[in-house]
Structure formats: structure tokens, C-alpha cells
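Novice: I'd like to ask some things about the structure below.
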Amino acid sequence: MKILYIGSGYVGTCSAAVMVDSGHDVLLYDVDKEKVKKLGSNNIEMIESCLLEEGLAEMLIKNKDHILFTADYDQVIKYLDTVDAIFMCLPTPEKEGAEGESDLTYYYLAAEKLAQNLVKRNNNTQSKYVVIINKSTVPVNMIEETNRVMTKYGVNNFGVVSNPEFLVEGKAIEGSVHPDRVVVGGNKEEDFKIMRQVYARFLNSPSIKYIETNPQEAAAGKLLANYLLFNRVTTTFDVVGRVCESFPQINFENLRKVLISDDRIGSWGFYDSVYCGGSCFIKDAASLAHQLEEVGVNAGYVRQTLVSNNFQRDNFFSRAKKEANFDWSKKSVAIMGVAFKQDTNDVRNSGAIDIVRHLVDEGVGEIKIYDPAAMPMFKHLFDPAKDSRYDVISYFDSEKEALSGTEACMILTDWPKFRALDEVIKLICPAPYLIMDGRRMLAARFDELQNLGYDIISVGSPFIKGK
Ligand SMILES: NC(=O)c1ccc[n+]([C@@H]2O[C@H](COP(=O)([O-])OP(=O)(O)OC[C@H]3O[C@@H](n4cnc5c(N)ncnc54)[C@H](O)[C@@H]3O)[C@@H](O)[C@H]2O)c1
């Protein structure tokens, strides 16, 4: 089949890579010329500098004869004559200050331009049937909006389906090649038939659930799945973690063993962390709350997940002053990890963002950052040309260089190599020194570090005063 992607970000590119690997021909259009150049470069380093996902670069290069990235809309226009399916993979962030309402500007801009050109396809005859697929996470009734935009410009011979993306960043390719489920929400058998061809690779797989619903159920399924996962994580932070922080005899890892041995509780999301970030959970929970409130329903329970998540981050930060009597003013602080989680260079909603802001507000003397993948993305957020207070931030190529000369460090990303960070700390930063472990990466060494005189504040543990 011939498939067009509008938006070649995380979702568009990862999904397209799997589509081309499944034997389809794919064109990806994006307005970001730099991104298009890198993703279409057939060079592993260039691709990964833009989008770091294990196996993605290799898959794009392996299938390079059947996939094309472009920022030139004329190529899209030509493709529209023969295209079978168009995936809309646009950002749908939360509107600023709007308590969860989705900002659909990117979506509408792309959809309007698409409609203006779809109407001219096949020499204005529109003879080729095409399915437009909402892969972006959108409000429950978005399908009606997509239909409205298409109809406004006179597009006919088309269908619209909702096909939410469930990929997990950091495991996107593995997850897209072996998804738990594919959900297709449509209204017409014709559209379902085309989608079955698009997803032929998964259709008869015994391990993948191929689920057909109506469009609203598919869209709501995505929002609710993200809310439930987010709720699980924040409950672990705010209830289990708090119990462990309050009772010195209770160790988080031991309690975890007790609880996850019950299959009904399960192990997913059972960890403690400074923050639950990323591009989806927060905005999707907020969007769900907003949509419920729009129809007059109390969404207090959903909203509480957002409150708990923010409390977790801010409480962790404030514990330095409250519990260790550590004043940030003029201090030199190392930040270990700025990606929102391991195995990605994505910093959207990373806990590190507000932690760095808090440090700057507290008048810290120096912030020395190390992250193996996400520093280029993070730098964009703290441009000293825009705010001279960000002059205190500098970036380093190794843990050692970043830790050198600091009085405290904060571990904010769960990069696996940070589990050995105690060795570097012992070498470079002798006690007295404050370790703030926002990921429990050093939990197995807390006793030893305490005996060496280190003060430790960790999520899921009471304050550990160095001996
Ligand atoms: N990232 C995830 O883990 C994930 C998972 C599931 C669902 N989603 C949802 O998928 C959607 C896309 O997310 P993403 O993470 O891929 O976002 P992204 O920001 O990585 O990618 C979106 C891309 O769209 C491009 N774009 C913006 N306006 C455009 C236009 N008019 N025409 C063409 N391209 C345009 C941007 O340049 C960008 O490259 C969102 O709705 C998101 O909520 C994301």
C-alpha cells in the first residue's frame, strides 16, 4: 500500500519505519526541514541525534528504497493521487494555562492543507478512495472535526478512522513490531478493510490483539489507558513511597517484593521516582479531566494524579532544606540525567526541567549537567541569551567532569549506568556531600555511603544522615 505520514516525530517515524518494514511504500512529510534532513540521511549517527530509539535508524536504512522524508509539500501533492492511507501524527499538546484543553492548532493547520489538496487529487475527480487516520492522541470526538474540515473543502471519497498509538518511548521499535494491541476505530466496513491491509502484518498474529471499535471508543481507550498507567505510577509515588519515607524500618525494595507478588497488583509502574514525565501521561490525564469537566462531570480524581506528580517533584527538592539543612544558595550542584527516562533523548516534561528552575530560583552558584543522550534537547530550554540566570548551567561529557568540585548531586534519570555512580562519587566527591537520589539508583549502597559520611535524600527513603 502507499502510505503518507503527516508529522515525522516520535510517533510518525517509528510507525512509518514499521510500515515500510512490513512491505508498504511510505512518504513522510514534516515542516521541520532539519529533522527531515537528519531522518532521511541514511546515517545512523545523524538519525539518532534527532530521534534516539533502539533499532529505528537500522530499520530506516534497511528499507531506504521504500521510504522518503520530505519537507516539500509538492511531493505530498503528487503522492495524493495514489495514496491509500494518511496517518496524522501531529503534536496535540496541552493549551498553555488551559487546564488540559488540547491545543489542536498543529492538527487543524495540517488537516486544512491536506483537505485543500485532497480535493484536487486525480485531476479534481477524487477517484481514489483514501483513509485519513488520526494517530495523534486527540479528544474523543475528534473524528467529527476531521470530517468537518474535509467536507468544508469539498473532499469526497474518503473515510476517517481513529488508530491511537500505544508505543512506549525508549522501546518504540520493539513495541511497534510486537505491539500488545492494534486498535482501529471506524464507522465503515470499507475503512476497516483498508486498515486490515495496512496492518496485515499483525492481523493474524496469535500474540497481538487486533481490536475494532467505533472512533470514539478508540480515542477514549487511548486517553484512559494513559490515565490508568499514570495513576498507577503516581499512586506508587504518593502512597507507597510516602509510607517508606515515613517509616525508617520499611525498605522500598522489600515492600515492592511483598506487593508485586500478588498478580492482581502486578509489577508494572511499581517504582519510585522524582517525577512521571514524558510527552503523554500528563497531557492525556489533563485532557481527560478537561473533557469530563466540559460535559459537567467532576474530574477531581483524575486531577489528583497531576497534583500528586507535581508534589512528588517539589517535595523531593524541598527535602534538602527541610531534612538536611542544605541551602542551595551559591552551591555547586551536579545533575545526573535530564532525559525524562532512560533510553531516550526526549526531555518533554522531564522532572529535571523544574528541578533546574527551582535551583536557579534558589540562587544556586553552578549547575553541572551530564546526560548520555539528552543534553542537546535540554539546552534549548535553558538558553542564557533569553535569561541570563541560566549562565550558571554548563554541560559535560562524563559523570566525572560534571561531579568534579560539586557539593551535592541529584540523580534524575534512571540511565542504567548510574547504578555504579557511587564509585565515581566516592572518587571525586568525598564526604561531607549530599546525594539526592531521585530514582533509587544507589539504594543498594545507601548503608555503605552513609558509613562513609554521605548524607542521602532519596525518593522512597527517610533522610539518611552520614555517619
Ligand atoms: N511520543 C509518544 O510516546 C507518543 C505515544 C503515543 C501517542 N503520542 C501522540 O502522538 C502525537 C504525536 O506525538 P509525537 O511524540 O510524535 O510528537 P513530535 O513532536 O515528536 O512530532 C510531531 C511532528 O509533527 C511536525 N509538525 C508540526 N506541524 C506540522 C504540520 N503542519 N505538517 C507536518 N508536520 C508537522 C513537527 O515538526 C514534529 O516533527 C501526539 O498527539 C502525541 O500525544 C505520542
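The values are calculated or read from the model by the stated rules, or taken from the named source; none is laboratory data. Bear in mind the structure is a predicted one, so any value in this text is a computation, not a measurement. Ideal geometry is used to build each Cβ from the backbone, glycine not excepted, and the neighbour counts take in all protein chains shown.
Novice: For the stretch 307-327, enumerate the residues that are out of contact with any helix residue (DSSP H, G or I) (no Cβ under 6 Å at 6 or more places or on another chain) and hydrophobic (A, V, I, L, M, F, W, C).
Specialist: Listed by number, the residues that qualify are Val307, Phe311, Phe316, Ala320, Ala324.
Novice: Restricting to the stretch 67-105, what's the tally of residues that are under 26 Å from the mean Cα position of the chain (by Cα), closer than 21 Å to Arg121 by Cβ and in a loop (DSSP other than H, G, I, E, B)?
Specialist: Of the residues in that region, 3 qualify.
Novice: Testing Val333 on (1) in contact (Cβ under 8 Å) with a residue 40 or more places away in the chain; (2) among the hydrophobic types (A, V, I, L, M, F, W, C); (3) surrounded by 24 or more Cβ atoms within 10 Å (Cβ to Cβ); (4) out of contact with any helix residue (DSSP H, G or I) (no Cβ under 7 Å at 6 or more places or on another chain), one condition comes back false. Which one is that?
Specialist: The number of the failed condition is (4).
Novice: Quick one: is Val274 among the β-branched types (Val, Ile, Thr) and in contact (Cβ under 8 Å) with a residue 12 or more places away in the chain?
Specialist: When the stated conditions are applied, Val274 passes them.
Novice: On to the next question. Inspect the stretch 440-457 for any residue being more than 20 Å from Phe252 (Cα to Cα) and without any contact (Cβ under 8 Å) to a residue 12 or more places away in the chain and give the result as yes or no.
Specialist: No, because not a single residue in the stretch 440-457 is more than 20 Å from Phe252 (Cα to Cα) and without any contact (Cβ under 8 Å) to a residue 12 or more places away in the chain.
Novice: While we're here: Is it the case that Met88 is among the aliphatic types (A, V, I, L, M), modelled with pLDDT of 95 or more, more than 20 Å from Val347 (Cα to Cα) and within 10 Å of the ligand (Cβ to nearest atom)?
Specialist: yes
Novice: Can you find a residue that is surrounded by 16 or more Cβ atoms within 10 Å (Cβ to Cβ), within 14 Å of the ligand (Cβ to nearest atom), touching a residue at least 24 places away in the same chain (Cβ under 8 Å) and assigned to a helix (DSSP H, G or I) anywhere in the stretch 120-136?
Specialist: Checked the stretch 120-136: no residue is surrounded by 16 or more Cβ atoms within 10 Å (Cβ to Cβ), within 14 Å of the ligand (Cβ to nearest atom), touching a residue at least 24 places away in the same chain (Cβ under 8 Å) and assigned to a helix (DSSP H, G or I).
Novice: If you go through the stretch 169-186 one residue at a time, do you hit one that is within 16 Å of the ligand (Cβ to nearest atom) and at positive phi?
Specialist: yes
Novice: For the stretch 372-428, give me the residue count where each residue is assigned to a loop (DSSP other than H, G, I, E, B), of a type in the set (D, E, K, R) and closer than 29 Å to Glu169 by Cα.
Specialist: 3
Novice: Kindly provide the set of residues from the stretch 1-23 that are more than 12 Å from the ligand (Cβ to nearest atom) and closer than 19 Å to Ile77 by Cα, ordered by number.
Specialist: Met1, Lys2, Ile3
So that you can scan it fast, the table gives a plain yes or no per residue for (1) within 16 Å of the ligand (Cβ to nearest atom); (2) under 29 Å from Pro93 (Cβ atoms):
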position	(1), (2)
Val233	yes, yes
Thr236	no, yes
Ile250	no, no
Glu253	no, no
Lys257	no, no
Asp262	no, no
Asp284	yes, yes
Arg303	no, yes
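Novice: Of the residues that make up the stretch 216-223, is at least one surrounded by 16 or more Cβ atoms within 10 Å (Cβ to Cβ), in contact with a Pro (Cβ under 9 Å, 6 or more places away or on another chain) and among the basic types (Lys, Arg)?
Specialist: Among the residues of the stretch 216-223, at least one is surrounded by 16 or more Cβ atoms within 10 Å (Cβ to Cβ), in contact with a Pro (Cβ under 9 Å, 6 or more places away or on another chain) and among the basic types (Lys, Arg), which makes the answer yes.
Novice: Does Lys64 satisfy the condition of being out of contact with any Gly (no Cβ under 8 Å at 6 or more places or on another chain), of a type in the set (D, E, K, R) and more than 23 Å from Asn122 (Cα to Cα)?
Specialist: Spelling it out, Lys64 is indeed out of contact with any Gly (no Cβ under 8 Å at 6 or more places or on another chain), of a type in the set (D, E, K, R) and more than 23 Å from Asn122 (Cα to Cα).
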